[in-house]
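What follows draws every value from the coordinates through simple rules; no lab data is involved. Please read all numbers here as calculations on a predicted model, not as lab measurements. Methodologically, a virtual Cβ is constructed for each residue, glycine included, from the backbone with ideal geometry; neighbour enumeration extends over all protein chains shown.
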Ligand SMILES: [Zn+2]
């Protein structure tokens, strides 16, 4: 993905820990994978991360500079 910084600048940071940084998409930015607006972006800081999923989600995944990016879509 080319415009990661630009994408993230449109999003609202919600949570950060050692493994992930969570951004909320409050302005209906289109997912770069499926081009539908996504709900949250989870930027993984490590190449391996376990995520606990609390609700059913569709997830699009891409990689930016070796770090997985997960775009979540609620049903
Ligand atoms: Zn998507």
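A few remarks follow.
- When the residues of segment 59-74 are filtered to those that are without any contact (Cβ under 8 Å) to a residue 60 or more places away in the chain and under 15 Å from residue 25 (Cα atoms), the one that is farthest from the ligand (Cβ to nearest atom) is 74.
- Residue within segment 27-34 that is more than 14 Å from the ligand (Cβ to nearest atom) and surrounded by 14 or more Cβ atoms within 10 Å (Cβ to Cβ) present: no
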